[in-house]
Ligand SMILES: *Cc1c(COP(=O)(O)O)cnc(C)c1O
């Protein structure tokens, strides 16, 4: 029954599941989408999902749950205190992470708000391989500063390196001595590095980070949303891990840290949920107070019993070798085929997403006209495909004179929901890119006409820049 892995590799990577329940996709036309996009102010976040054919906006909370998880939903114990489902979830997390104190939250950012609100504040500094957008926002909202120190090669989208998600440990040491260890609230390793291109972090890098943190008495946390996917890369790319299980590799990485924040909407294969797990009892107790005030009692946080049941099951299923093999290989399939077409990409392909280098695709659109936003609009117009800009819309800042300080990269992320789309859906995406490549010179830039102060990419409104004509007013709220 179990063929040796090596012998099946050159056959088609099939989805290791059958479809029991289907969700129809409405097939819209390009002329319908032209109107819909204008009505959404050229921001795909403002589209109705019904008007999207292939939704690659995010892999967050978009997983298909298994029959086992749906069965768990029915078994969920909705007791206010001491729910059976809570104990299942807690045990699953303690077993995986080795951390004794677990706080359930309704999603990742709630855990972030609790812990970073607690240890952050004016004058504090956080350092990461790359802070995810909600992580940065929660840190900055507390008054603290968030510094990204990815390895230099991680910023070169074309360079091939097995662990482009690593943190630059030399720079880390420099920043610690410049700022003083007392002022560093935490070092956060995001595995895999989502905003930095979905690239993995090696065990060696986590070990060195751990050593530097403990030497300086600094809290070391994992943002572990994609810990199972990261473990696949460690096993396949780092010497000495070939024969370890994915789960054992994940455990080994957790053992290096003082705690973890997780959005269960990623590798726990559920639609909602998260947690904070900590080694230190006192810190956990302080966080628990905030949990009760803002999320809920300690045995449910912001979750229903059924959600907790599904998380416990998902955290187990995600380490299934057949699933992980399919997951990583099918993301690579999309990326490799786009690469063959000549689409400029972040290489090598990451775990949960393919990142297109929009600056290279549209060299005629300057960063201040957001080339990534042009690509997400083209994807929607030509194929009804929804993707997200990860560039100057998401991470750009304004200088005192109002000029845009662009992000270091102009990426567009095609995030692949877990267990949702089949290979033919991906073939359709590849065909849409063929058309986009042919018409690349006709794509125009965008300007922002209205935006909020934080996390602007979610709700900003855009207008096309046609023949260099820009509005003079921009509303900031
Ligand atoms: C999704 C995500 C978060 C935030 O989690 P939510 O559940 O969306 O609040 C934090 N960090 C990383 C790396 C993520 O991918």
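Taking residue 130 as meeting all but one of (1) free of Cβ contacts under 8 Å to residues at least 60 places away in the same chain; (2) within 23 Å of residue 356 (Cα to Cα); (3) within 16 Å of the ligand (Cβ to nearest atom); (4) touching a helix residue (DSSP H, G or I) at 6+ places or on another chain (Cβ under 9 Å), write down the number of the exception.
With (1) free of Cβ contacts under 8 Å to residues at least 60 places away in the same chain; (2) within 23 Å of residue 356 (Cα to Cα); (3) within 16 Å of the ligand (Cβ to nearest atom); (4) touching a helix residue (DSSP H, G or I) at 6+ places or on another chain (Cβ under 9 Å) applied to residue 130, the lone miss is (1).
Out of the residues in segment 245-264 that are buried (at least 24 other Cβ atoms within 10 Å of the Cβ) and part of a loop (DSSP other than H, G, I, E, B), state the one that is nearest to the ligand (Cβ to nearest atom).
Applying the filter and picking the extreme gives 264.
With (1) surrounded by fewer than 23 Cβ atoms within 10 Å (Cβ to Cβ); (2) touching a helix residue (DSSP H, G or I) at 6+ places or on another chain (Cβ under 7 Å); (3) farther than 15 Å from residue 43 by Cβ as the list, and residue 398 as the residue in question, which single condition is left unmet?
Result: residue 398 fails condition (2) only.
Anything in segment 77-108 that is surrounded by 19 or more Cβ atoms within 10 Å (Cβ to Cβ) and assigned to a helix (DSSP H, G or I)? List them, or say none.
Listed by number, the residues that qualify are 85, 86, 88, 89, 90, 92, 93, 96, 97, 108.
Quick check on residue 74: is it surrounded by 19 or more Cβ atoms within 10 Å (Cβ to Cβ), touching a residue at least 12 places away in the same chain (Cβ under 8 Å) and more than 16 Å from the ligand (Cβ to nearest atom)?
So residue 74 does not fit the description; no.
Going through 111, 159 one at a time, which residue ends up being within 22 Å of the chain's Cα centre (by Cα), within 14 Å of the ligand (Cβ to nearest atom) and outside any strand (DSSP E or B)?
111
Taking into account only those residues within segment 184-208 that are closer than 29 Å to residue 392 by Cβ and over 19 Å from the mean Cα position of the chain (by Cα), which is nearest to the ligand (Cβ to nearest atom)?
Once the filter is applied, the top-ranked residue is 186.
Against the conditions (1) crowded, with 18+ Cβ neighbours inside 10 Å; (2) touching a helix residue (DSSP H, G or I) at 6+ places or on another chain (Cβ under 6 Å), where does residue 435 fall short? Just the number, please.
Just one mismatch for residue 435, condition (1).
Under the condition of being over 20 Å from residue 114 (Cβ atoms) and touching a strand residue (DSSP E or B) at 6+ places or on another chain (Cβ under 6 Å), which residue from segment 210-238 is surrounded by the most Cβ atoms within 10 Å (Cβ to Cβ)?
For segment 210-238, the residue satisfying everything is 213.
Just checking, does segment 219-230 include any residue being within 23 Å of residue 347 (Cβ to Cβ), more than 12 Å from the ligand (Cβ to nearest atom) and not in a strand (DSSP E or B)?
Yes, segment 219-230 contains a residue that is within 23 Å of residue 347 (Cβ to Cβ), more than 12 Å from the ligand (Cβ to nearest atom) and not in a strand (DSSP E or B).
Looking only at segment 426-458, count how many residues are touching a strand residue (DSSP E or B) at 6+ places or on another chain (Cβ under 9 Å) and either over 24 Å from residue 359 (Cβ atoms) or part of a helix (DSSP H, G or I) (or both).
10
Report, ordered by the first and then the second residue, all pairs with beta carbons closer than 9 Å, sequence separation of six or more or different chains, a first member in segment 273-294 that is within 20 Å of residue 95 (Cα to Cα) and assigned by TED's automatic domain parsing to the domain that holds residue 257, and a second member that is at pLDDT below 95 and in a strand (DSSP E or B).
none
Search segment 214-232 for residues being in contact (Cβ under 8 Å) with a residue 24 or more places away in the chain and over 16 Å from the mean Cα position of the chain (by Cα), and hand back the single one that is nearest to residue 330 (Cα to Cα).
Within segment 214-232, the match that is nearest to residue 330 (Cα to Cα) is 232.
Quick one: in segment 271-287, which of the residues that are more than 10 Å from the ligand (Cβ to nearest atom) and in a loop (DSSP other than H, G, I, E, B) is nearest to residue 307 (Cα to Cα)?
Among those that are more than 10 Å from the ligand (Cβ to nearest atom) and in a loop (DSSP other than H, G, I, E, B), it is 271.
Has segment 450-459 got at least one residue that is farther than 28 Å from residue 266 by Cβ, modelled with pLDDT under 95 and out of contact with any helix residue (DSSP H, G or I) (no Cβ under 6 Å at 6 or more places or on another chain)?
Yes.
For (1) within 20 Å of residue 384 (Cβ to Cβ); (2) in a loop (DSSP other than H, G, I, E, B), each residue gets a yes or a no:
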| position | (1), (2) |
| --- | --- |
| 14 | no, yes |
| 23 | yes, yes |
| 35 | yes, no |
| 69 | no, no |
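Kindly establish whether residue 211 is under 22 Å from the mean Cα position of the chain (by Cα) and more than 16 Å from the ligand (Cβ to nearest atom).
Here the answer is no, as residue 211 does not meet what is asked.
Just checking, how many residues over segment 142-153 are away from the ligand (no atom under 14 Å from the Cβ) and either touching a residue at least 12 places away in the same chain (Cβ under 8 Å) or within 15 Å of the chain's Cα centre (by Cα) (or both)?
8
When you go through 382, 397, 368 one by one, which is the residue that is assigned by TED's automatic domain parsing to the domain that holds residue 50 and over 23 Å from residue 136 (Cβ atoms)?
One residue alone meets the criteria, 382.
The values are calculated or read from the model by the stated rules, or taken from the named source; none is laboratory data. Values in this document were obtained by computation on a predicted structure and should not be read as measured data. Cβ: placed from backbone, ideal geometry, glycine included. Neighbour counts: every protein chain shown.
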